[in-house]
1. Would you mind checking the tilt of helix 153-165 against the longest principal axis of the Cα atoms of the chain, expressed as 0 to 90 degrees and rounded to 10?
2. Here are a few candidate values for Cα extents along the principal axes in Å: [x] 67, 45, 41; [y] 53, 48, 40; [z] 68, 48, 37. Which one was actually calculated from the structure I just gave you?
3. Under a Cβ-only charge scheme (Lys and Arg +1, Asp and Glu -1), can you give me the dipole magnitude of the chain about the Cα centre, in debye to the nearest 20?
4. To test your reading of the geometry: what angle, between 0 and 90 degrees and rounded to tens, separates the Cα axis of helix 262-272 from the longest principal axis of the chain?
5. Checking the cross-link filter: which aspartates and glutamates have an alpha carbon closer than 13 Å to that of Lys166, excluding same-chain neighbours under 8 positions apart?
6. Give me the percent of the accessible area of the chain that comes from carbon and sulfur atoms, probe 1.4 Å, all protein chains in place.
7. Restricting to DSSP H runs of at least four residues, report the calculated mean residue ellipticity at 222 nm for the chain, -39500 (n - 2.57) per run over all residues, nearest 500 deg cm²/dmol.
8. Which one of Ser29, Ser176, Ser150 has the biggest mean-square fluctuation once the chain is modelled by GNM with Cα springs under 10 Å?
Amino acid sequence: MDYLSNDYYMIFNRQEWKEFQASDLEVLSNDQLARLVSIQDRLSQTDVREVYGPLLHYIETDFHYSQKYNQARQAFFAGEEADYRKVPFIIGISGSVAVGKSTTARLLHQLLAEAFPDRKVEMITTDGFLYPNQVLEDKNMMRRKGFPESYNMPLLLSFMSHIKTKDSPFSVPVYSHDHYDIVPGDYRVIDQPDILIVEGINVFQLPTNQQIYVSDFFDFSIYIDAEESLIHQWFVSRFLAHLELAKEDPNSYYHEMTGMSREEAVAYADDVWYTINLPNLIQNIKPTRSRADVILHKTTDHYLDQVLVKKY
């Protein structure tokens, strides 16, 4: 199936898509935007107005529909006098390493929190469900980090089910990108959010020996897409930026690599890309993009040029 086919998606160029923006969109300051942008990503006020403003408006429509559906469903089973239980609205965001998922997740978190000030909006990344490095080393899987088998998928599925169906908190492991590992003994508590954003490369994938997708729990899903050659460039640029930042931080995972020349660093990043990230993208990530309700397509310099919206 060609995911770009008009049979499955409505395809809007940027000029067409921006016509859907809401007139009451809150304007974020440049300082706010700077805090939301990941290393080597790009985000402008124009992007917010022309791409994410209409996207927020579309998500709001889906959110209100979902609320009415959940109330009607509970009334069907428990009667009109049902004590309605809050069912979280869950948004999934997927895409390759270095494509800009985290920036999109943080921006939507900010916009949704402002759009729904009386509702609890939370955000997590599935990096917290990676097995610790020691476990991956013991299983000889460090070169498979990011592949489906490197995640504790049963725990991730338990989390998704718990958040969707129970009223008690759930403790999520914390991952540090600076240390490139799970932080021992550190957890983040997610407790009855109204809206939850779940971001990660694996959120649309069918875990090994499981019958349920993580995305089965989603009410709305987004895939960030770009040409592989561009993502490769962004990954290398991000790696070089990490090395620069790590020079003064001996605790950083990247610190011991800061002595490499630029040529050595680029060669190292290329090796990681071609032996780990690109195979993972081709084999496990890109094939899942047709599960997304919305695909945000990027071109040079992270410019969002197309928005694809599933017809069904």
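The values are calculated or read from the model by the stated rules, or taken from the named source; none is laboratory data. Just so it is clear, the structure is predicted and the values come from calculations on it, not from any experiment. Heads up, the Cβs are rebuilt from the backbone with ideal geometry, glycines too, and the neighbour counts pull from every protein chain shown. Side chains included, ligands, DNA and RNA excluded: accessible areas come from the protein's heavy atoms. Shrake-Rupley method; radii C 1.70, N 1.55, O 1.52, S 1.80 Å.
1. 30
2. Checking each listed value against the structure points to [x].
3. 580
4. 50
5. Cα-Cα hits under 13 Å: Asp191, Asp194.
6. Working: 7480 of 15450 Å².
Roughly 48 percent of what the probe reaches on the chain is carbon or sulfur.
7. Numbers: 8 runs with 101 residues, N = 312.
The per-residue figure over the chain is -10000 deg cm²/dmol.
8. Per the Cα network of the chain with a 10 Å cutoff, Ser29 tops the list.
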